[in-house]
Amino acid sequence: QVQLVESGGGLVQTGGALRLSCVASGNIDGIDAMAWYRQAPGKQRELVANMIGNNIKYIDSVEGRFVISRDNAKNALYLQLNDLKPEDTGVYYCHTYPPFKAWGQGTQVTVSS
């Protein structure tokens, strides 16, 4: 079983930056596919970025502003959020894909205009 714990959210103004962290524990040997999702109030959870092996994908709305990375030595996944906009507001979740499927508890990101 895999446990994920996110941190790093907060309240920032438009144009600000945050760095989200996700630390994995448990049966994590072989995890090669991880992602960040977000859920805005009243909306469905959506993929923000994922890293499958060395392949990285971003949704169009964050391309060029967000950077996903991982540190295998620390069992950590990161998401650097730059040039934040009010529409980036939401709860950000770390996710590992099957067969290690798990979700973190989420970390709140609020961007004020």
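Here are a few things to note about the model shown:
- Net charge of Cβ neighbours under 13 Å - reference residue 77; Lys, Arg +1; Asp, Glu -1: 0
- Estimated vicinal HN-Hα couplings, Hz - the range 18-29 in sequence order (Karplus 6.51, -1.76, 1.60; Gly, Pro = x): 9, 10, 8, 10, 9, 10, 9, 9, x, 7, 10, 4
- Alpha-carbon Debye profile of the range 27-92, log10 I(q)/I(0) at 0.16, 0.17, 0.25 Å⁻¹: -0.56, -0.63, -1.15
- For the chain, the solvent-accessible area works out to 53 Å² per residue, with a probe of 1.4 Å and every protein chain left in place.
- Note on the range 10-95: with charges restricted to the Cβ of Lys and Arg (+1) and Asp and Glu (-1), its dipole about the Cα centre is near 140 debye.
- Karplus-derived 3J(HN,Hα) values for the range 61-67, using 6.51 cos²θ - 1.76 cosθ + 1.60 with θ = phi - 60°, are 5, 10, 4, x, 10, 10, 9 Hz; glycine and proline are entered as x.
- Sites matching trypsin sites (Lys or Arg not before Pro) across the range 68-113 that sit in DSSP coil, with at most 16 neighbouring C-beta atoms within 10 Å: 101
- Karplus-derived 3J(HN,Hα), 6.51/-1.76/1.60, for each residue of the range 33-47, Hz, glycine and proline x: 9, 9, 8, 10, 10, 9, 9, 7, x, x, 10, 6, 5, 10, 5
- Computed Kirkwood radius, in angstrom, where 1/r is averaged over Cα pairs of the chain: 14.0
- Accessible surface of the chain [probe 1.4 Å, protein heavy atoms]: carbon and sulfur percent: 48
- The alpha-carbon of residue 74 sits under 28 angstrom from the alpha-carbons of these lysines, leaving out residues fewer than 8 places away in its chain: 57, 101.
- Candidates 20, 11, 47: whichever shows maximal mean-square fluctuation once the chain is modelled as a Gaussian network with Cα springs under 10 Å: 11
- Hydrodynamic radius of the range 15-64 per Kirkwood, over alpha carbon pairs, in Å: 13.0
The values are calculated or read from the model by the stated rules, or taken from the named source; none is laboratory data. Since the model is a prediction, treat every value here as computed from it, not as a measurement. Neighbour counts run over all protein chains shown; Cβ positions are idealised from the backbone, glycine included. Accessible surface is based on the protein model in full, side chains and every heavy atom, while ligands, DNA and RNA are left aside. Shrake-Rupley method; radii C 1.70, N 1.55, O 1.52, S 1.80 Å.
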